[in-house]
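What follows is one structure encoded as structure tokens, with my remarks underneath.
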Amino acid sequence: MDLLTSAVVGLIGILVLTGLIGYAQTGYRLKNWIRELQELETRTAMQPRSRWIQRVCSDYRQYHLSGVSSLNTQALIEKHLFQERIPLVGLMRVPVGNIQKVMQQLPAFTIILGVLGTFIGLTLSLLSMQDTLFRLGNAASGPTMTMNSIISSLTAPFEGMSVAFITSIAGIGGALILNILQTGFLSRGSSLTYLQGKVMSDCEVYLDHAFNSLLLQEKPQDSAERLLDRLAVKIEESFQRSVGEFGSSMTEFTAGLKTAMEDVKGILHAQRLHSESFAASTSTLEQFGNQLQKTTEKQDSMHKAVDQSISVLTSQIKAFEQQFQKGAERQNAGQQKFEQLIQRSDKMLVESQRRSEEFAGNLTRVMQEQLQHYVSQHENLENRLGQKQEEWYYRYSEKQGEYGRAAADFASSVQLLEKGFYNAVEHIKRDFVEQIRHVLERERQISQQSQPQRNDDMRELARTLENLFHGLSRDFTSSNRTLGDMYQLLQRMYQTAVDNQTVYDNREHEARLISSHEPRRR
């Protein structure tokens, strides 16, 4: 890799040296031609020394004497100037027309060679690193694998990478030198393009003015010649007018060319900035390499400490595994106990639900029995009352004389009926309330032993029973009111009959008897 880098850098150096020598030789020749044309124009020298200027003057004289009216002096100059050969680096003779193109392409050639050398070096470094990694992977199981061998194996690819960028630096540096040289910064702005243009303009000025005046002096000065000269002047004026439009278009083209040159200068400036940033990144990479080397040295010293730490960590890991196994066993035992507790709580929930359902069934059955008993007693009382009313009606109709005794019997029977009814109601209330209280107390004890989630259901059940008790109380009150109304109706009927009776003398006695047996309302 060092040989390849040296070869690429040497080739770049040869190109840069060729550009410098070629620029010096070409500039020297162009400056000599400019000096020679200035001497010819000032008539310090009568005959040109350069062969291409001699050929240009000869062709110009020939065309002028042959009567060519519109002679293209610039094309004639370019014909002989671009064919003039200059010995480049003393090895080969290159035409002037190709020298400028070759000099313009040299910076691009140096950059291409530098980048090509960089990529070749990086490719070889990556291949070397790949082989090193494969070799390390195959030798990882061997006993001779140490950190020093790893570092020594990885050092060569990184050195190759660091050396690979030297070609890019050399190429970009050479291109920068050649660009600075071509733009004319080192020669006070006299670039090859400027010198070549100045040679062509000076030669054209010399031919059209100084050399043309010499040719006019060589012509005969007769009248025909003057007419021809006047005709030539007119033709020249018309030609100048026709060429004016072409000159304006050329001016616009020159302005566009100037804009393009400014863009090219911007590109060169951006390339210069890129080169500077690349140089900075290269220095940063070198610092990184130094830091990496220091880090590897520190890693060697830390390797022994890491081995000791690994042994200590291994013993600690074994102790932690034992503790973890004990903790896992405890956790499994706790989980089994928790599952048993959950199963027991599920059984208690099922048992409490079954007991609540049984309690609700028993309570419903007791309520139905109490209601049936109350209905049967009410029906018996109604039947007995109906029988008494029928007996009283028959006895009153048959024997009005016994109406007082019948009324007394009826009052006593009504009083007994009322007492029995109130006793039954009190008995029902007392038994029903005692049963409900007993059931609620028992359910409260069961709910305290079971989960507290059943409290809401039991409160709802107690609220339902309370509503049922209030409904029964309202029914009992309504029945009592109905019986009282019936008693008042019978008393009014009896009072009406007593008022209408004129047979019996004991009317006041029976009225007092009935009033004395008036039932007490609850």
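The values are calculated or read from the model by the stated rules, or taken from the named source; none is laboratory data. Source: prediction; values computed, not measured. No Cβ is skipped: glycine too gets one built from the backbone with ideal geometry, and neighbour counts run over all protein chains shown.
Does His303 meet the test of being surrounded by 10 or more Cβ atoms within 10 Å (Cβ to Cβ), at pLDDT below 75 and either outside any helix (DSSP H, G or I) or not aliphatic (A, V, I, L, M) (or both)?
Against the criterion (surrounded by 10 or more Cβ atoms within 10 Å (Cβ to Cβ), at pLDDT below 75 and either outside any helix (DSSP H, G or I) or not aliphatic (A, V, I, L, M) (or both)), His303 qualifies.
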Problem - Test: residue in the range 275-284 that is under 30 Å from Ala164 (Cβ atoms), aliphatic (A, V, I, L, M) and either in a helix (DSSP H, G or I) or in contact with a Leu (Cβ under 7 Å, 6 or more places away or on another chain) (or both) - result: yes
Handout entry: Thr132 being surrounded by 17 or more Cβ atoms within 10 Å (Cβ to Cβ) and modelled with pLDDT under 75
Key = yes
Exercise for the section: Starting from residues that are among the hydroxyl-bearing types (Ser, Thr, Tyr) and surrounded by 18 or more Cβ atoms within 10 Å (Cβ to Cβ), keep the ones in the range 175-209 and report whichever is modelled with the highest pLDDT. Expected result: Tyr206
Fill in the blank from the handout: Among Glu358, Glu351, the single one that is at pLDDT 75 or above, among the acidic types (Asp, Glu) and either touching a strand residue (DSSP E or B) at 6+ places or on another chain (Cβ under 8 Å) or surrounded by fewer than 11 Cβ atoms within 10 Å (Cβ to Cβ) (or both) is Glu358
Handout entry: Condition check for Leu37: touching a residue at least 24 places away in the same chain (Cβ under 8 Å) and closer than 16 Å to His209 by Cα
Key = yes
Problem - Options Ile21, Ile34; residue that is β-branched (Val, Ile, Thr), under 30 Å from Thr110 (Cβ atoms) and more than 60 Å from the chain's Cα centre (by Cα) - result: Ile34
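Might you check whether a residue that is hydroxyl-bearing (Ser, Thr, Tyr), modelled with pLDDT of 75 or more and in a helix (DSSP H, G or I) occurs anywhere in the range 255-267? I'd like the intermediate steps shown before the answer.
Quick first cut of the range 255-267, residues hydroxyl-bearing (Ser, Thr, Tyr) only: 259.
Next, only the ones that are modelled with pLDDT of 75 or more stay: 259.
If we keep only those that are in a helix (DSSP H, G or I) too, we end up with 259.
The answer is yes; a qualifying residue exists.
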